[in-house]
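Structure first, commentary second.
The values are calculated or read from the model by the stated rules, or taken from the named source; none is laboratory data. None of these values were measured; they are calculated from a predicted model. In this analysis, Cβ positions are derived from the backbone assuming ideal geometry, glycine residues included, and neighbour counts consider all displayed protein chains. For the accessible areas, the whole protein counts, side chains as well, though only heavy atoms, and no ligand, DNA or RNA atoms are used. Shrake-Rupley method; radii C 1.70, N 1.55, O 1.52, S 1.80 Å.
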Amino acid sequence: MADFRTSARSAPISHCATEISEVFQSMKKKLVLIATALGCILPAAATDSKAAAATPPMGWNSWNHFACKVTAADIRSAADAIASNGMKDAGYIYVNIDDCWQGVRDEKGRIHPNQKFGDMKALADYVHAKGLKIGIYSSPGPKTCAGYEGSYGHEELDAQQYADWGFDYLKYDWCSAEKVYQSSQMAEVYKKMHDALVRTGRPIFFSLCQYGYGRVWRWGASVGGNLWRTTEDITDHYDRMSVIGFDQDGLEQFAGPGHWNDPDMLEVGNGGMNHNEYVTHMSLWALLAAPLLAGNDLSSMTPETLGILTNRELIAIDQDTKGVQGRRIAQEGPLEVWAKALADGSVAVGLFNRGESANPITLSFKDIGVQGLAKVRDLWKGKDVGSFSESYTEEVPRHGAVLIRVQ
Ligand code: GLA
């Protein structure tokens with residue numbers, strides 16, 4: 001399969017200066033968070049899709065498990081599963097087709113699906129009938145990353161086609177666009193599709209995928225992005241997932257209601273990580289206010305996987321209406337403490353052990369601006385563990401995580 005992406009990584013993260021102590025002290029005074037206050041974010045384009053992105057998107061995407069083998073039947077069975085296994089009730093709404101659905105264009109330039117997909121309108125109707133939404137995928141280049149037909153030169157037609165079929169979400173993946181555009185044109189290229197989507201009159205969630213090039217977090221919102229990938233692709237391995245996830249520190253000021261950083265889709269349940277590693281994956285993604293897009297085969301999932309994906313208390317952290325992306329507040333070697341301020345004044349805290357053996361990890365309450373006694377609830381155990389003063393310590397397994405809510 002052709003892969004049109006460059007291997008170059010984006011420039012090192014740099015961001016507006018923000019002192020973490022200010023952030024957590026300001027929570028107490030009920031001041032509005034960092035990002036907008038510091039004026040770091042470009043004004044977001046006003047689109048209806050902004051409302052759909054008030055909290056990070058939740059759903060499923062075909063790529064991580066099915067890749068190019070995906071068929072319409074797989075999409076239908078994913079929708080069936082979400083609607084019936086508790087995922088929909090937990091907030092998973094989007095059923096997203098990734099690459100490899102495309103066929104050829106007709107003489108009028110209209111894109112048609114390939115034989116594995118058939119009638120796209122019927123597929124969208126099927127997903128909608130379950131009370132879910134449906135997403136599609138394209139590239140601004142002539143070809144997608146897997147070598148299928150891209151939208152280059154057909155942006156208006158494609159946007160209208162997606163709207164006519166009834167799609168609610170577009171992932172727009174740079175891929176071969178590097179062959180026809182300069183990287184300096186990236187923002188205008190994404191804006192072109194955004195404007196075409198807006199002209200359809202249908203609210204379509206706009207997900208930018210260009211692996212973080214050009215510090216997309218600085219301009220993604222200004223071209224109408226509701227979400228932008230900040231990294232190259234995730235894989236179903238602890239090393240890759242953890243490097244991506246723990247590298248997100250510093251990007252928090254660019255995320256907020258309507259526009260989110262995207263450290264890529266979930267691998268939970270795909271089999272390449274153990275239970276504790278998937279707990280780390282979910283805990284970190286929730287603290288990061290990352291999209292929760294499951295990437296496993298939902299039609300044959302273990303109760304353990306479903307339990308990880310549908311932990312309501314964890315999802316509430318991800319979907320918290322304050323819209324804050326958490327950040328690292330303490331680190332000692334492989335032991336890390338991350339925190340995320342929540343709308344009710346409490347703080348979600350992750351204790352992460354990236355090391356090779358179990359270790360106790362301590363949260364110092366002063367690091368989150370808490371004085372005196374604080375109530376602690378363990379969100380994976382689903383129980384209040386008591387009231388503590390000054391600090392809270394828990395043993396964390398190798399590659400594992402503890403997620404608590406401190407009030
Ligand atoms: C790129 C993206 C992936 C996936 C594939 C499809 O690698 O980053 O998420 O969409 O393309 O080809």
Only listed residue being more than 16 Å from the ligand (Cβ to nearest atom) and closer than 25 Å to Leu208 by Cβ, chosen from Ile82, Ile136
Ile82
Looking at segment 154-174, I want the residues that are within 14 Å of Phe206 (Cα to Cα) and away from the ligand (no atom under 16 Å from the Cβ) and have a partner that is at pLDDT below 95 and not in a loop (DSSP other than H, G, I, E, B) with Cβ atoms under 9 Å, at least 6 apart or on another chain. Which pairs are those?
Asp168/Ser49; Asp168/Ala52
Residues of segment 309-334 satisfying the condition of being of a type outside the set (D, E, K, R), farther than 24 Å from Ala52 by Cα and touching a Phe, Trp or Tyr at 6+ places or on another chain (Cβ under 7 Å):
Ile329
Provide a single number: the residues in segment 178-196 that are within 24 Å of the chain's Cα centre (by Cα), open to solvent by 10 Å² or more (accessible area, probe 1.4 Å) and farther than 20 Å from Asp262 by Cβ.
3
Lone unmet requirement of (1) out of contact with any Cys (no Cβ under 6 Å at 6 or more places or on another chain); (2) open to solvent by less than 10 Å² (accessible area, probe 1.4 Å) for Cys175:
(1)
Picked from segment 252-262 (must be buried (at least 24 other Cβ atoms within 10 Å of the Cβ) and not in a helix (DSSP H, G or I)), the residue nearest to the ligand (Cβ to nearest atom) is Asp262
Can you pull out every residue in segment 211-234 that is of a type in the set (A, V, I, L, M, F, W, C) and either surrounded by fewer than 23 Cβ atoms within 10 Å (Cβ to Cβ) or on the phi > 0 side of the Ramachandran plot (or both)?
Trp219, Ile234
Taking segment 235-251 and keeping only residues that are open to solvent by less than 10 Å² (accessible area, probe 1.4 Å) and under 15 Å from the mean Cα position of the chain (by Cα), one is left with Met241, Ser242, Ile244, Gly245, Phe246, Gln248, Leu251
So for segment 197-206 (the condition being more than 24 Å from Gly166 (Cβ to Cβ) and either at pLDDT below 95 or part of a helix (DSSP H, G or I) (or both)), does at least one residue qualify?
no
The lone condition Ala341 fails out of (1) within 19 Å of Asn311 (Cβ to Cβ); (2) crowded, with 17+ Cβ neighbours inside 10 Å is (1)
Selection count, segment 373-406, where residues are open to solvent by 70 Å² or more (accessible area, probe 1.4 Å), under 25 Å from Val268 (Cβ atoms) and over 26 Å from the mean Cα position of the chain (by Cα):
2
Inside segment 303-396, counting only strands (runs of 3 or more DSSP E) that do not spill past its ends, which hold 1 or more residues that are without any contact (Cβ under 8 Å) to a residue 40 or more places away in the chain?
327-332, 335-341, 359-364, 373-378, 383-389, 391-396
On the given criteria, is Ala67 aliphatic (A, V, I, L, M), more than 22 Å from Ala159 (Cα to Cα), within 16 Å of the ligand (Cβ to nearest atom) and out of contact with any Leu (no Cβ under 9 Å at 6 or more places or on another chain)?
yes
Count of segment 208-217 residues which are under 19 Å from Pro56 (Cα atoms) and either touching a Cys at 6+ places or on another chain (Cβ under 8 Å) or within 15 Å of the ligand (Cβ to nearest atom) (or both)
6
